[in-house]
Amino acid sequence: MSERLTDGLERVAAWMRKGRRSSRAHRTGMPASAGGRRGGPLLGLSGVCKRYFVGPVETEVLKDVDLEVHAGDLLSIMGSSGSGKSTLLNIMGLLDRPTEGSVRVAGQDVSAMDDDALSDARNLHIGFVFQAFRLLPRMSAWENVALPLAYRGVGGDDARRRAEEMLEKVAMSDRARYRPDQLSGGQQQRVAIARALVSSPAILLADEPTGALDPDTGHEIVRLFRELNDVDGVAVVIITHDRGVARQCARNARLVDGGVAEHAAGGAPAAVAASR
């Protein structure tokens with residue numbers, strides 16, 4: 001997943017440096033605004049299974065997963081190493097396809113979309129935050145934040161203005177011209193969050209966003225996620241191994257043996273959303 005996304009960002013960086021306008025047309029037929037905000041789930045997984053073959057050996061990573069993300073959700077997903085967290089994140093983020101089952105985004109089944117249409121849907125509706133930040137080292141903070149706008153054909157002064165607005169939202173406006181190597185880990189993660197938000201996604205997917213940070217900085221980042229969720233209504237899904245992070249989320253889920261067991265806040269089992 002990381003290599004695929006990094007390759008895409010490098011291509012966009014080259015586009016920006018050459019000053020070309022994007023001519024890519026959105027072919028998803030999906031509305032730019034999140035249809036899920038009108039009552040249905042923003043993202044829904046139904047009967048999702050994922051199997052891989054290594055030679056003749058078949059491994060089932062996800063088993064009949066049902067999971068919904070609604071507007072205003074703040075959801076944590078925990079699981080031990082090898083439990084399928086990354087696979088689930090890839091499918092939720094439209095970076096991978098399930099072997100069986102369906103994925104709906106903003107009310108539309110995306111399972112049969114081709115790769116270009118999936119990329120468009122991902123850019124319209126989903127923002128990503130990664131443990132390792134994934135900022136391009138030769139670009140300033142505002143240029144990194146502006147990268148997703150290139151996919152929408154937004155460039156020049158408009159892209160810079162929107163990027164700087166997002167940096168102000170995450171308290172990084174005074175570092176807009178700094179490169180990643182001039183920023184602390186917490187500052188880099190704030191820039192990465194601003195990049196994820198600049199396209200106004202309905203859902204923010206965060207993969208171990210505090211894993212590379214010290215505890216105090218990690219707490220600051222979680223507070224920022226909570227603020228974005230409370231004030232701006234962004235649905236946030238956090239993949240984490242940190243129970244402290246999970247306790248600050250309104251919904252908690254755990255991956256066990258490829259299935260998703262959802263728990264009420266505080267950890268008491270509420271429902272099982274997958275067959276074992």
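Hey, got the dipole for the stretch 112-265? About the Cα centre, +1 on K and R Cβ, -1 on D and E Cβ, debye to the nearest 20?
Computed about the Cα centre, the dipole is about 240 debye.
At R0 = 30 Å, how high is the FRET efficiency between residue 219 and residue 60 if r is their beta carbon distance? Nearest 0.05 is fine.
0.25
What's the exposure ranking of 126, 193, going from fewest to most Cβ atoms within 10 Å?
Fewest to most other Cβ atoms nearby, the residues stand as 126, 193.
Can you return the aspartates and glutamates within cross-link range of residue 85? Criterion is Cα-Cα under 12 Å, with same-chain partners fewer than 8 residues away left out.
Answer for residue 85, where 12 Å is the Cα cut-off: 207, 208, 257, listed by chain and number.
Tell me which of 234, 151, 219 sits at the most positive position along the dipole axis of the stretch 147-264, charges placed on C-beta atoms (Lys, Arg +1; Asp, Glu -1).
The Cα lying farthest towards the positive end belongs to 151.
Among 135, 180, 123, whose Cα sits farthest toward the positive end of the charge dipole of the stretch 77-234 (+1 at Cβ of Lys/Arg, -1 at Cβ of Asp/Glu, about the Cα centre)?
Of the options given, the answer is 180.
Given a Förster radius of 30 Å and the C-beta distance between residue 232 and residue 178 as r, what FRET efficiency does 1/(1 + (r/R0)^6) yield to the nearest 0.05?
Efficiency for this residue pair is about 0.75.
Rounded, prolate or oblate: which fits the stretch 159-210, taking a ≥ b ≥ c as square roots of the Cα gyration tensor eigenvalues, rounded meaning a/c under 1.5, else prolate when a/b beats b/c?
Here the stretch 159-210 falls in the oblate category.
Values quoted throughout were computed directly from the atomic coordinates according to the rules given, and no laboratory measurement underlies them. Owing to the predicted nature of the structure, the values given are computational and were not obtained by experimental measurement. Quick reminder, even Gly has a Cβ in these numbers, built from the backbone with ideal geometry, and neighbours come from all protein chains shown.
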